[in-house]
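Report on the structure given below.
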Amino acid sequence: MSKEKSCTLSELMEMQHALYEKHKHEWLPHAPQSGRSYLLWSVEELGEMIAIIKKKGDSAIESNPAVRAHFVEEAADVLMYLMDTLDCYGITGEDLSEAYAAKFARNMKRDWKENNIMYEDMPAEK
């Protein structure tokens, strides 16, 4: 398998928009009223990732090239539908990058112990 070049978030979103433009006569419009459908399809693809973990196991994703390729492809599908969703609402790569950086900065300052207190009374997994 050949290695593709790495892309920025904005480039990935532009690629997804180009794919939409090519197929827009077959797909739902990239408009707010379609955003929820694209988001649900993203969740469906996330479910396919979960199914791979469930059926093949965690270690297979690291050790079996075919399983890993399938898992990564499903992850790409999740991102593609998520990018379609964002495009429906006019959210750009720059918008998302700025929000991500701001959320990252807040999370770097968070006290995660406070968050974990909510789960202290839950039984541990055996």
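The values are calculated or read from the model by the stated rules, or taken from the named source; none is laboratory data. Model, not experiment: these values are computed from the prediction. Cβ coordinates were reconstructed from backbone atoms using ideal geometry, including for glycine residues, and neighbour counts include every protein chain displayed. These area figures cover heavy atoms from the full protein model, side chains too; ligands, DNA and RNA do not enter into them. Shrake-Rupley method; radii C 1.70, N 1.55, O 1.52, S 1.80 Å.
Conditions: (1) over 19 Å from M13 (Cβ atoms); (2) touching a Lys or Arg at 6+ places or on another chain (Cβ under 9 Å). T85 meets all but one. Number of the miss?
Looking at each condition in turn, T85 falls short on (1).
Could you list, in sequence order, all residues of segment 65-90 that are open to solvent by less than 60 Å² (accessible area, probe 1.4 Å) and part of a loop (DSSP other than H, G, I, E, B)?
Correct list: G90 only.
Please name all residue pairs, on different chains or six or more residues apart, with Cβ atoms under 8 Å, provided the first residue is in segment 9-26 and is touching a residue at least 24 places away in the same chain (Cβ under 8 Å) and the second residue is β-branched (V, I, T).
From segment 9-26, the pairs are S10/T92; M13/T92.
Residues that are exposed (fewer than 10 other Cβ atoms within 10 Å of the Cβ), over 15 Å from the mean Cα position of the chain (by Cα) and assigned to a helix (DSSP H, G or I): does segment 27-45 have at least one?
Scanning segment 27-45 turns up at least one residue that is exposed (fewer than 10 other Cβ atoms within 10 Å of the Cβ), over 15 Å from the mean Cα position of the chain (by Cα) and assigned to a helix (DSSP H, G or I).
Looking at (1) loosely packed, with under 15 Cβ neighbours inside 10 Å; (2) free of Cβ contacts under 8 Å to residues at least 40 places away in the same chain, which is the only condition E48 fails?
With (1) loosely packed, with under 15 Cβ neighbours inside 10 Å; (2) free of Cβ contacts under 8 Å to residues at least 40 places away in the same chain applied to E48, the lone miss is (1).
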